[in-house]
2 protein chains.
Amino acid sequence: MATTGARSATRSTKQRPAPKPQTEPRPDRRRVRTRAALIAAAQRILAEDARAEVSIKEITDAADVGFGSFYNHFDTKAELFSAAIEDVFERQGALIDAVTTELDDPAEVYIVGFRLTGRLSRVYPRLARLLVNTGLAYVTADVGLAPRALSDLRAAVAAGRLSVDDPDAAQAAVGGALLGLLQYLDVRPDVDAAQATDDLAVSLLRMLGMTRRQAESVVARPLPDIPAPVNG
Amino acid sequence: MATTGARSATRSTKQRPAPKPQTEPRPDRRRVRTRAALIAAAQRILAEDARAEVSIKEITDAADVGFGSFYNHFDTKAELFSAAIEDVFERQGALIDAVTTELDDPAEVYIVGFRLTGRLSRVYPRLARLLVNTGLAYVTADVGLAPRALSDLRAAVAAGRLSVDDPDAAQAAVGGALLGLLQYLDVRPDVDAAQATDDLAVSLLRMLGMTRRQAESVVARPLPDIPAPVNG
């Protein structure tokens with residue numbers, strides 16, 4: 001397979017870059033790599049320290065890129081940090097989208113995202129800490145998890161599965177509750193995160209109009225398989 | 001009353017400081033004032049900017065105190081910021097304690113704190129923003145609002161008014177939901193904060209085991225009067 005010829009060349013860029021200098025010249029690929037390294041370094045830093053009092057030099061060192069290259073991508077540290085946070089929320093949102101496409105019940109679609117994100121605290125603790133450190137401003141954001149969750153909540157309400165007067169306020173509260181849970185699980189490594197997350201999921205579905213029996217039935221369904229790890 | 005003699009002198013320090021140079025000499029009073037000015041400046045800064053990328057010089061300028069006096073009180077900026085945040089949470093907690101002492105229903109005691117804190121967003125928007133910017137790490141703290149709310153929740157559960165398997169996890173979630181609500185109210189100045197807060201209070205009481213009718217009855221009770229403004 002590694003020695004196949006021209007027919008599969010367009011997809012075999014992993015080991016041997018396709019020779020297409022005009023559509024994707026080498027400097028641009030390096031540019032993409034540098035940006036990704038800066039974003040990843042910022043994510044590591046934000047996961048460790050909510051205030052992230054580091055210099056740009058420390059960031060470029062952590063990213064293993066030249067100091068000057070920072071300004072090819074970002075004007076300020078704040079701009080990099082915003083991009084790093086949005087990247088995490090977008091990845092998690094895209095992951096949830098991917099694993100819920102097969103589900104028929106909009107209430108289940110809504111709560112599966114919650115159940116998967118609560119479980120991050122044990123699987124990707126650094127990612128969970130980044131969400132806790134930065135996430136509250138994003139419960140009302142129009143990118144990442146929040147708009148997806150809001151749209152899922154509206155769909156569940158429209159289908160008569162959930163009931164809430166103000167979906168925007170309810171979603172901000174549920175997002176905050178999820179972050180509160182992640183903070184709790186971070187300081188309590190002894191707690192069973194899956195159990196605590198599912199218990200809270202049942203409570204929140206009851207808050208959103210379900211009976212206890214209905215809520216427990218939705219949360220008892222097996223979670224979809226996760227296809228690929230997000231960056232943790 | 002202002003001219004009463006020795007009998008009430010021990011409590012009449014408000015207008016005329018008692019002449020006790022040995023227990024509280026003048027330099028110590030200045031020291032207290034300086035610390036309070038630094039705390040207040042840090043609170044203003046934290047309300048405006050979650051990352052608070054300011055220098056110690058900028059903080060002492062904002063506090064109108066000498067640069068060198070900073071180190072008489074705090075070793076680092078982080079130490080000042082922690083003290084500033086804890087001060088806010090302690091004040092709000094003490095306020096809630098003060099206005100709920102007369103209440104008989106422990107479920108009402110619990111939810112009154114929530115209802116008053118949600119209303120902060122319109123009365124003291126800067127204080128509310130400080131809570132949003134810094135509060136998530138404090139939903140599991142052992143100072144300030146969190147331990148009081150947890151103790152109130154346990155009392156309501158013990159009295160059979162609320163029902164929850166894991167009060168710690170539930171309180172972290174309710175604290176997060178409150179912060180999510182404050183974030184929502186901050187970006188949506190058009191929303192009736194009292195109404196949105198009370199709607200969420202009803203939802204959370206249902207999540208904590210009440211029927212809708214019970215929850216609405218508790219939240220329909222008038223809020224206690226607030227004796228004195230907290231610093232906003």
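The values are calculated or read from the model by the stated rules, or taken from the named source; none is laboratory data. Just so it is clear, the model here is predicted, and its values are computed rather than measured. We place every Cβ from the backbone using ideal geometry, glycine too, and count neighbours over all the protein chains shown. Each accessible area value is taken on the protein alone, full model and side chains, heavy atoms only, with ligands, DNA and RNA left out. Shrake-Rupley method; radii C 1.70, N 1.55, O 1.52, S 1.80 Å.
Ligands, DNA and RNA excluded, the heavy atoms of B:SER55 present near 50 Å² of accessible surface to a 1.4 Å solvent probe. Local charge for B:PHE89 was computed over the other residues whose Cβ lies under 12 Å away, with Lys and Arg +1 and Asp and Glu -1, and equals -2.
What separates the A:VAL187 label point from its copies, with the point 7 Å along Cα to Cβ, is 2.6 nm, written shortest first.
What a 1.4 Å probe finds exposed on region A:81-219 is 48% carbon and sulfur by accessible area, rounded to a whole percent.
With the label put 7 angstrom out from Cα along the Cα-to-Cβ vector, A:ALA98 ends up 5.4 nm from the copy partners, going from closest to farthest.
Computed with a 1.4 angstrom probe on protein heavy atoms, the B-A interface buries about 2700 square angstrom of accessible area in total.
Over region B:85-124, accessible surface divided per residue gives 37 Å², non-protein components excluded, 1.4 Å probe. The separation of region B:106-175 from region A:112-137, counted between C-alpha centres, amounts to 21 Å. Sorted from greatest to least, the principal axis extents spanned by the alpha carbons of region B:81-219 come out as 39, 33, 28 Å. Taking a Cβ cut-off of under 13 Å around B:PHE70, the surrounding Lys, Arg, Asp and Glu residues balance to a net charge of -1, with basic ones at +1 and acidic ones at -1.
Solvent-accessible area of B:MET210, all protein chains in place: 10 Å² (probe radius 1.4 Å, heavy atoms, ligands and nucleic acids excluded). Cα gyration tensor of region A:164-227, axes a ≥ b ≥ c as square roots of the eigenvalues: rounded (a/c below 1.5), prolate (a/b > b/c) or oblate? Taking the square roots of the gyration eigenvalues as a ≥ b ≥ c, region A:164-227 is oblate.
Residues of region B:171-191 whose accessible area, computed with a 1.4 Å probe over protein heavy atoms, drops by at least 50 Å² once all protein chains are present relative to their chain alone are B:ALA173, B:GLN183, B:TYR184.
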